[in-house]
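Enquirer: Quick one: structure below, then a few questions.
The values are calculated or read from the model by the stated rules, or taken from the named source; none is laboratory data. Model, not experiment: these values are computed from the prediction. When we count neighbours, we look across all protein chains shown, and the Cβ atoms used for this are built from the backbone with ideal geometry, even at glycine.
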């Protein structure tokens, strides 16, 4: 397969079934679809036909599945946040509970990440949330560690302590145990605060294994950071992935 005979794309937190279904709806049946799995992204390749037909097929997939979650080329989700932070000359701090350092790992895999990443707080236990970021024990007791209130408090405190431009906090139940009827496994709160500007605090219900929940959380975080910083409204914030 030659590069000039194919078009590569990346699908974030989209199932192979959904991607294949959209592809099969497309009119140019001479275009072939190949899919590779990698964590919570799909690398896909449109081959065959003419270049214009491949471009039209890609545009159709974007229209059906969303510009936020379909990108041209081989893209890592952390690269989206990195590029947005670098473009706007902003620095990020993280406060991670259920991801346990995964956000930090994925960001620092990128060369030059120190230009945009201050560092992070791993606040996995309730005690860590209290001692490292000063979250009130009464707040944790009354609202629960996996809640909008606690996640917002983590993000706000991290932003203040680090003196950064943007903070993100995540708290959730990655499983396989720990879920309840009110907060089942896969429940994750994500809060992102941009200093003096905007705040996003959203609850997701991610499906899959413990690893999948954690990677889906990280992917959502990086897409949300990009969307918030660049002021792009293409992302469906409320999808359950």
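Enquirer: Working only within the stretch 1-25, note down all residues that are surrounded by 14 or more Cβ atoms within 10 Å (Cβ to Cβ) and not in a helix (DSSP H, G or I).
Expert: Scanning the stretch 1-25 gives 6, 7, 8, 9, 10, 11, 12, 13, 14.
Enquirer: If only one of 236, 177 is surrounded by fewer than 20 Cβ atoms within 10 Å (Cβ to Cβ), in a loop (DSSP other than H, G, I, E, B), at pLDDT below 95 and not assigned by TED's automatic domain parsing to the domain that holds residue 114, which one is it?
Expert: The match here is 236.
Enquirer: Continuing with the same structure: Counting only residues that are surrounded by fewer than 17 Cβ atoms within 10 Å (Cβ to Cβ) and touching a residue at least 40 places away in the same chain (Cβ under 8 Å), which one in the stretch 185-202 is farthest from residue 162 (Cα to Cα)?
Expert: Among those residues, the one meeting the criterion is 201.
Enquirer: Taking the residues in the stretch 26-46 that are over 19 Å from residue 14 (Cα atoms) and touching a helix residue (DSSP H, G or I) at 6+ places or on another chain (Cβ under 6 Å) as candidates, determine which candidate is surrounded by the fewest Cβ atoms within 10 Å (Cβ to Cβ). Steps first, answer last, please.
Expert: Step one: filter the stretch 26-46 for residues over 19 Å from residue 14 (Cα atoms), giving 27-31.
After this cut, where a residue has to be touching a helix residue (DSSP H, G or I) at 6+ places or on another chain (Cβ under 6 Å) as well, the list is 28, 31.
On the way: 28: 15, 31: 21.
This residue is 28.
Enquirer: If you don't mind, another one. Need at least 1 residues that are free of Cβ contacts under 8 Å to residues at least 12 places away in the same chain per element, so show me which strands (runs of 3 or more DSSP E) inside the stretch 27-100 make the cut, counting only ones lying wholly within it.
Expert: 32-38
Enquirer: Also: Need the failing condition index for residue 155 against (1) assigned by TED's automatic domain parsing to the domain that holds residue 43; (2) touching a strand residue (DSSP E or B) at 6+ places or on another chain (Cβ under 6 Å), just the number.
Expert: (1)
Enquirer: Can I ask one more? So how many residues does the stretch 127-142 have that are farther than 15 Å from residue 157 by Cα and buried (at least 16 other Cβ atoms within 10 Å of the Cβ)?
Expert: 0
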